[in-house]
Structure formats: structure tokens, C-alpha cells
Amino acid sequence: QYTFSVVMSCSGCSNAVTKALNKLEGVTNVEANLEKQEVVVETELPREQILATIQKTGKVVKDE
């Protein structure tokens, strides 16, 4: 399970991230929290792949 700080300004943003991540084979759950600016991903995939997928949506990921 990975947690990312993602800059999302509206529900459209969080929906775009959720949709993109759910398309990946091997992702079991995605929770995008607009209030906390946080995306929690349950997956067996490498963190880099999840990070790249979020970035492809055009969202800024603040790396911890």
C-alpha cells in the first residue's frame, strides 16, 4: 500500500486519478481524498509505476 500527496483541486481531479489507477492490472483499491490531498493505493505493483501513472494525469505529486 502506498500513500501519495497529490495536488487535486476538484472532484474531477480525484476522479481522473482514481480512474487512471483503476485501469492498471494489479491495483486492488484506490482512495483519493480531496480534503487531505492524498491518494492511497493498494497494489502489488512497484511504487514508481503508480507514481508515473498519477503524473500522467497531469497532477503534481509531492514526494515525501
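The values are calculated or read from the model by the stated rules, or taken from the named source; none is laboratory data. For clarity, every value in this text was computed on a predicted model and none was experimentally measured. Quick reminder, even Gly has a Cβ in these numbers, built from the backbone with ideal geometry, and neighbours come from all protein chains shown. Heads up: the accessible areas ignore ligands, DNA and RNA and are worked out on the full protein's heavy atoms, side chains in. Shrake-Rupley method; radii C 1.70, N 1.55, O 1.52, S 1.80 Å.
Annotations for the structure displayed:
- Residue in the stretch 21-40 that is assigned to a helix (DSSP H, G or I) and either of a type outside the set (V, I, T) or touching a residue at least 24 places away in the same chain (Cβ under 8 Å) (or both) present: yes
- Restricting the stretch 41-62 to residues that are acidic (D, E) and in contact (Cβ under 8 Å) with a residue 12 or more places away in the chain, the residue that is most open to solvent (accessible area, probe 1.4 Å) is E44.
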